[in-house]
1. Mind checking the dipole of the chain: about its Cα centre, +1 per Lys or Arg Cβ, -1 per Asp or Glu Cβ, Debye to the nearest 20?
2. Please state the shape class of the range 83-129: rounded when a/c is under 1.5, otherwise prolate if a/b exceeds b/c and oblate if not, all from the C-alpha gyration tensor.
3. Where does the chain land at 222 nm, in deg cm²/dmol rounded to the nearest 500, when only DSSP H runs of n ≥ 4 count, each adding -39500 (n - 2.57), divided by all residues?
4. Can you give the Rg and Dmax of the range 129-180 based on its C-alpha atoms, in angstrom?
5. State the dimensionless ratio Rg/Rh of the chain (Rg: radius of gyration of Cα atoms; Rh: Kirkwood radius).
6. Treat each spin label as a single point 7 Å out from the Cα along the C-beta direction, and report the E186 to F92 distance in nm.
7. What does DSSP give for the chain in terms of the percent of beta bridges that are antiparallel, rounded to the nearest 5?
8. Over the range 1-60, what is the mean sequence separation of C-alpha contacts under 8 Å (at least six apart), divided by residue count, expressed as relative contact order in percent?
Amino acid sequence: MIFIQNKAILIADAHENKERKGFWKFLQALRSGEISTSQLILMGDIFDLLVGEISATHDFAKPYIDLLEELTEKIEIIYLEGNHDFNLKNLFRNVKVFDINSQPLECFFTKDENQKIQLAHGDIFLKPFLQFILKTLRNHYLLIFLNFLNNITFHAISKQILKNQTNKNLFYKIDNFDNLVQKRYEKYQANGHWVIEGHYHQNFIFNTEKINYINLPSFAYERSFFVVECQDKVKFQEQKLRC
């Protein structure tokens, strides 16, 4: 059972790559104590590309992995895999990794165990064909084969994916997103409890009597993250990395 702690930090969609190092600066701020928390929840797509079976994606991520493991000595770190970073369990020892099949992750607040919260990257409850494609791309044996192809082509596949990601617009607004939120919230069957996702990069809060939903901002955009305040009433405070 996972309990969400007071002052927990939630970060989604950092899309870290060689040109974008905001998440690295965030981790350095955690290490130095400039930012303080006892719980860090990574909500997926932290890297532009990190796949357990694809060896070419590991070198860039290794310093991050090492630092995250170092931080677990003082901080509980939870990592929900996204659609750009998956099959990661073998890369970490102490970071708690949850794959797509373990999402949504049902958690509870330390101040009120009757108040639940569901966490997911957001690439679930999609149209059947798209969901099938996303799950197929996580297949261990398919990825071993793709890793072989990638290696014999001097990493042509992974380089092309990263190039496409560099040119991709990560900062956009979805029209009528509130309508999509209501449909997605029904899929979670949350019954008034909180649902928090990343994936869509919308920085959107839908807070009514029947629906409590947050779509986290893309950290890659303005280096925004949310801090949980578990007081008399649970609140979520947006903050930005300032270093």
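1. Values: 29 positive and 29 negative charges, 73 e Å.
So the magnitude is around 360 debye.
2. Details: a/c = 3.63, a/b = 1.25, b/c = 2.91.
Cα axes put the range 83-129 in the oblate bin.
3. Numbers: 7 runs with 75 residues, N = 243.
Calculated at 222 nm, the ellipticity per residue is -9500 deg cm²/dmol.
4. Spelled out, the Cα radius of gyration and Dmax of the range 129-180 are 15.6, 46 Å.
5. Numbers: Rg = 17.6 Å, Rh = 18.5 Å.
On the Cα set of the chain, Rg over Rh gives 0.95.
6. Placing both labels 7 Å beyond Cα along the Cβ direction yields 3.3 nm.
7. 45 percent
8. Details: 63 pairs, mean separation 26.7, N = 60.
So the answer I get is 44 percent.
Each reported figure results from applying straightforward, stated rules to the coordinates on display, with no laboratory input. Just so it is clear, the model here is predicted, and its values are computed rather than measured. Here the Cβ is made from the backbone with ideal geometry for all residues, glycine too, and neighbour counts use every protein chain on show.
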